[in-house]
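All remarks here apply to the structure that follows.
Derivation of every value follows stated rules applied to the coordinates shown; laboratory data play no part. Since this is a predicted model, take the numbers as computed values, not measurements. Positions of Cβ are generated from backbone atoms using ideal geometry, with glycine treated the same way; all protein chains shown enter the neighbour counts.
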């Protein structure tokens, strides 16, 4: 068996700004006789910088979850270099700074939402008074304060995901690892979740997000790595990967046909091609959220998820001045509009 290779905080290849550093990272699953069976991750390399939202994307079976489990120290790499906060992923001090939302919310069905959060708070040795304050704020943040005394076994999948998110934040982590976080959430919950990710990153948190739902991460990630068959196919800034440099779009107020035609003629003369004319459209998500918001009576007692109430106070930190802060502000506006 080949030994696991990790690095220390003194490794010269690790930048002080890197929360996660991986190079040549490989994971091979073996059969009963220790013969190579599946090469789930094959010599990948990437870095996640402090204060950024990093998307790990790809279809099912591409190696995303295996990579996350190695970052969390749940799986040992077969070979390669992997460091979290400059330490081994299995280092206890590193683990104490991580919050994790797994793909499936494995919650005790007979405990209430408050009891589950209290259980995880005790695992992190939070004092009773601080634990109570954090739980109150997280329940309010996730819109579950009215259902906090109901057994989680009675919750819908979307409500259970919100409890899972709350437990991932109970220790005020510096690194938040989210595996398919929007699974089971309705469009309103997805939009709130995106807002929350951006708000947490703006306050200095580092988020690594794994998903195969590209629309859920396009507006929240600073950089992405797209995986397929255990390798990274491409990685880079979202804007650089998606921008079409050979085309340009103009947006201006609607014009009457007699006023629009001279503009089109001028464009034809300059470009030598017929410009395409259309009208901006909202996404179906935006239309759905606006419609539901209009018809929902404010006085109705919620039976499911209540409106979310912003970021929990104990999670709020001064926003770090990073090169991505302008990008995030723009993304928040895109999501809300």
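Output the Kirkwood hydrodynamic radius of region 76-205, Cα pairs only, in Å rounded to one decimal.
Computed over Cα pairs of region 76-205, the Kirkwood hydrodynamic radius comes out at 15.5 Å.
Taking the Cβ of each residue in 140, 157 as the centre, tally the other Cβ atoms inside 10 Å and list the residues starting with the fewest.
Listed from fewest to most nearby Cβ atoms, that is 157, 140.
Bin width 5 Å, alpha-carbon pairs only: give the P(r) of region 179-224 as whole percents, running from 0 to the bin holding the largest distance.
In order of increasing distance, the bins hold 5, 22, 36, 26, 10, 1 percent.
Any chance you could check the Cα centroid distance between region 199-230 and region 135-165 for me, in angstrom?
The two parts, judged by their Cα centres, are 24 Å apart.
Which percentage, to the nearest 5, of the DSSP beta bridges contained in region 152-238 is antiparallel? Walk me through the intermediate numbers first.
On the way: 6 of 11 bridges.
Roughly 55 percent of the beta bridges in region 152-238 run antiparallel, per DSSP.
Most exposed first by the Cβ proxy, i.e. fewest other Cβ within 10 Å, how do 264, 68, 117 rank?
If I rank by nearby Cβ atoms, fewest first, I get 264, 68, 117.
For region 135-214, what does the alpha-carbon gyration tensor say about shape, rounded, prolate or oblate, given a ≥ b ≥ c as the root eigenvalues, a/c under 1.5 as rounded, and a/b over b/c as prolate?
oblate
Provide Rg over Rh for region 120-276; use the alpha carbon set for both Rg and the Kirkwood Rh (inverse mean inverse pair distance).
Working: Rg = 22.9 Å, Rh = 19.6 Å.
Ratio value, two decimals: 1.17.
Can you give the Rg/Rh ratio of region 25-72, where Rg is from the C-alpha atoms and Rh is the Kirkwood radius?
1.05
Treat the count of other C-beta atoms within 10 Å as a stand-in for reagent exposure and order 134, 106, 190, 221 from fewest to most.
Starting with the residue having the fewest Cβ neighbours, the order is 106, 190, 134, 221.
Give the dimensionless ratio obtained when the Cα radius of gyration of region 48-128 is divided by 2.2 N^0.38 Å.
Compared with the compact-globule rule of thumb, region 48-128 sits at 1.30.
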